[in-house]
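Below is one structure, written out as structure tokens; comments come after it.
Values in this text are rule-based calculations from the coordinates and carry no lab data. Values in this document were obtained by computation on a predicted structure and should not be read as measured data. Every residue, glycine as well, gets a Cβ built from its backbone with ideal geometry; the counts of neighbours run over all protein chains shown.
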Amino acid sequence: MKLLIVGGVAGGASAAARARRLSEDAEIILFERGPDVSFANCGLPYHIGNEIADRNKLLVTTPERLHSRFKLDVRTRSSVEAIDRSAHSVRVRDLATGNEYEETYDKLILATGAAPFRPSIPGIDLPGVFTLRNLQDTDHIKSQTDRGVKQVVLLGGGFISLELAENFVRRGVATTIVERGDQILAPFDKEMTTPLVHELARHGVTLLLGQSAEALEKTADGLEVCLNSGQRLPAQLVIFGVGVRPENKLAVDASLEVGPRGGIRVNEYLQTTDPNIYAVGDAVEVRDVVSGEPIQVPLAGPANRQGRIAADNVFGHRATYRGTQGTAILGFFDHTSAITGAAEKSLRRANRPYRKIYVHPLHHAGYYPGADAMTLKLLFDPSNGLLLGAQGVGGRGVDKRIDVLAVAIQAGMTVFDLEEMELAYAPQYGSAKDPINMAGFVAAGLLRGEHPQINVETVTVPPAAEQTFLLDVRTPQEFAEGHIPGAKNIPVDELRGRLDELPCDQQIAAYCQVGQRGYLATRILLQAGFAAANVGGGYKTYQLWQDPFA
Ligand code: FAD
């Protein structure tokens with residue numbers, strides 16, 4: 001067996017190592033256009049911020065180590081230029097010499113990744129304008145930062161820009177993020193990004209939403225980013241993080257099928273439309289686990305796993321890729337934002353019925369010092385409680401809960417399963433009723449009809465707002481510190497004695513801080529004959545929906 005692999009980082013290097021473990025006899029050649037293989041893309045922003053001070057730590061392995069340990073023929077600075085499917089060969093350009101040669105294959109794996117998008121606007125090629133994909137980009141950005149940069153403008157409000165923002169703040173560089181859309185972190189629902197918007201402001205990052213760069217101009221002090229609003233932002237460093245495009249040229253030129261967003265089409269065995277050619281990683285189109293639709297999700301986990309699976313199939317071990325559910329996480333200083341499965345907006349777009357709940361638990365027992373707050377949002381099927389998606393924001397412990405929920409979604413679990421999950425508990429790690437159990441109780445209670453809930457974003461805007469009686473059941477002090485406009489305050493402990501103050505002919509929406517006292521109030525009101533529902537997630541959820549810039 002002669003196996004050629006194009007691309008030597010996440011997907012390609014995983015495929016190569018797996019291939020060797022499966023066959024000592026195979027001839028395996030790994031082509032990589034750049035000078036490095038298997039480097040840690042995900043660590044690049046942290047090297048710029050000096051969190052990962054030693055550049056060598058970013059080299060997970062080297063061509064020499066891949067050769068000595070795995071007997072791989074690793075050819076760096078070697079660009080595969082074309083595939084001849086009928087001759088089973090590729091044309092390779094040695095970038096050091098410019099020489100070209102042919103290499104034949106029995107099987108070929110494409111792991112070419114995705115390239116950062118560079119919009120064709122005036123000034124895009126000026127010095128000081130970058131994208132971030134590899135160690136060379138990192139070196140340029142870092143050396144310029146080391147020489148002294150006062151201001152950086154990050155275009156795009158996605159994961160890479162936010163990670164860079166943290167690192168530039170650490171370096172004392174004035175940081176501005178410009179995002180064309182109306183929210184940062186596009187995969188998330190907008191209200192779940194509100195805490196991060198506050199965190200950005202707290203760390204001095206300027207965030208401009210609804211704006212984009214139209215041109216870049218050279219000035220005496222560096223650069224100026226000209227926005228569509230007319231605003232001009234001075235900067236010495238400008239980095240575009242406005243999405244990536246699958247590197248599909250080899251595939252397209254070889255008439256392999258690609259999807260509408262350019263991802264190489266593969267089957268569950270990661271075979272392209274040519275059964276001798278496999279493709280993995282950011283370059284391919286995958287199946288969304290929740291919707292079943294083809295999607296494009298550039299993440300390291302899927303790329304690594306796909307590399308293994310493709311190698312398995314090359315050597316006759318039938319392995320299937322289950323699809324991608326977009327489990328992703330972002331750290332910004334002490335704040336964590338994490339997501340898995342479908343977002344509410346994608347369910348709405350797909351016209352798929354769903355219900356949702358919010359809970360705001362502590363990450364471990366409240367009586368043990370140092371608990372961090374978090375918000376979890378669950379999306380599930382109203383007919384059977386099947387989990388469709390989850391998002392978590394807050395401090396410590398968000399990562400663990402999203403990972404549990406990611407497994408639950410992959411296993412096809414329901415909100416009723418979350419009620420029953422047995423999770424590790426000691427006071428410094430969790431609670432006897434873990435946040436996952438709490439989310440399950442609230443969601444299952446909603447579906448069983450025990451716990452009628454109403455969404456805060458609907459009861460606070462017309463026409464529902466005019467027809468709903470808002471009842472705040474928190475203490476007068478909590479009420480005084482902030483409440484939903486128009487609400488009446490009757491603390492839950494006084495509610496049974498003050499029912500005569502409530503209307504019998506109106507829907508009552510009861511709320512507290514996080515939903516717990518609102519739930520009790522709802523039960524009291526329902527049993528007293530009122531039409532009542534709990535405002536899901538209480539005042540804290542209301543705050544998520546408030547404009548963070550107001
Ligand atoms: P890549 O890792 O991009 O590798 C493709 C390689 O193929 C490239 O090195 C390229 O030079 C080479 N190549 C392309 N065409 C040819 C050719 N014709 N001939 C030879 N070689 C070729 N994901 C996460 O899940 N979590 C994170 O925290 C995270 N952080 C990230 C931070 C940054 C700054 C970046 C850039 C990405 C991050 N990612 C993260 C995304 C993750 O790195 C990618 O999803 C993953 O690397 C994709 O793997 P891949 O093998 O498909 O492509």
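Quick notes on this one:
- Protection proxy ranking of 13-19, 203-209 - average other beta-carbon atoms within 10 Å, highest first: 13-19, 203-209
- Neighbourhood charge, 14 Å Cβ-Cβ cut-off, centred on Pro122 and excluding it, Lys, Arg +1 and Asp, Glu -1: -1
- Estimated from the Cβ-Cβ distance and a Förster radius of 22 angstrom, the FRET efficiency linking Gln428 and Asp403 is about 0.75.
- 16 Å Cα-Cα reach of Lys150 towards lysines, excluding residues that sit fewer than 8 places from it in its own chain: Lys142, Lys218
- For the range 511-521, Karplus couplings with θ = phi - 60° (6.51, -1.76, 1.60), whole Hz, Gly/Pro x: 9, 10, 6, 10, x, 6, 5, x, 5, 4, 4
- Label-zone membership for the range 387-415, site Cys42, 7 angstrom Cα→C-beta point, backbone N under 14 Å: 399-400, 403
- Rounded Å value of the spacing that divides the Cα centres of the range 357-387 and the range 286-317: 30 Å
- Contour minus Cα-Cα distance for Asp25 and Thr206 (0.36 nm per residue): 59.5 nm
- Above-threshold pairs, the threshold being 20 Å between Cα atoms, out of Lys2/Lys57; Lys488/Lys540; Lys190/Lys345; Lys2/Lys249; Lys345/Lys488: Lys2/Lys57; Lys2/Lys249; Lys345/Lys488
- For the chain, a crude dipole built from +1 on the beta carbon of Lys and Arg and -1 on the beta carbon of Asp and Glu, taken about the Cα centre, is about 460 debye to the nearest 20.
- Karplus-derived HN-Hα couplings along the range 96-103 (A = 6.51, B = -1.76, C = 1.60, θ = phi - 60°), whole Hz, x at Gly and Pro: 6, 10, x, 5, 10, 8, 9, 9
- Nonlocal amide H pairs with Ala115, under 5 Å, H built at 1.01 Å: Arg245, Glu247
- The chain, relative contact order in percent, only Cα pairs under 8 angstrom and at least six apart counted: 11 percent
- Dipole of the range 246-365, positive direction: furthest Cα of Gly323, Leu299, Ser346, with charges on the beta-carbon: Ser346
- When you count the other C-beta atoms within 10 angstrom of each residue and take the mean per peptide, 377-385, 96-104 line up highest first as 377-385, 96-104.
- Placing pseudo-labels 7 Å out from each Cα toward the beta carbon at Thr104 and Ser120 gives an inter-label distance of 4.1 nm.
- Protection proxy ranking, highest mean first, for peptides 494-504, 319-329, 241-251: 241-251, 319-329, 494-504, where packing is the per-residue count of other beta-carbon atoms within 10 Å, averaged.
- Loop-located trypsin sites (Lys or Arg not before Pro) across the range 87-172 with a Cβ neighbour count of 14 or fewer within 10 Å are Lys150, with loop assigned by DSSP.
- Degrees, to the nearest 10: 398-410 long Cα axis against longest axis of the chain: 80 degrees
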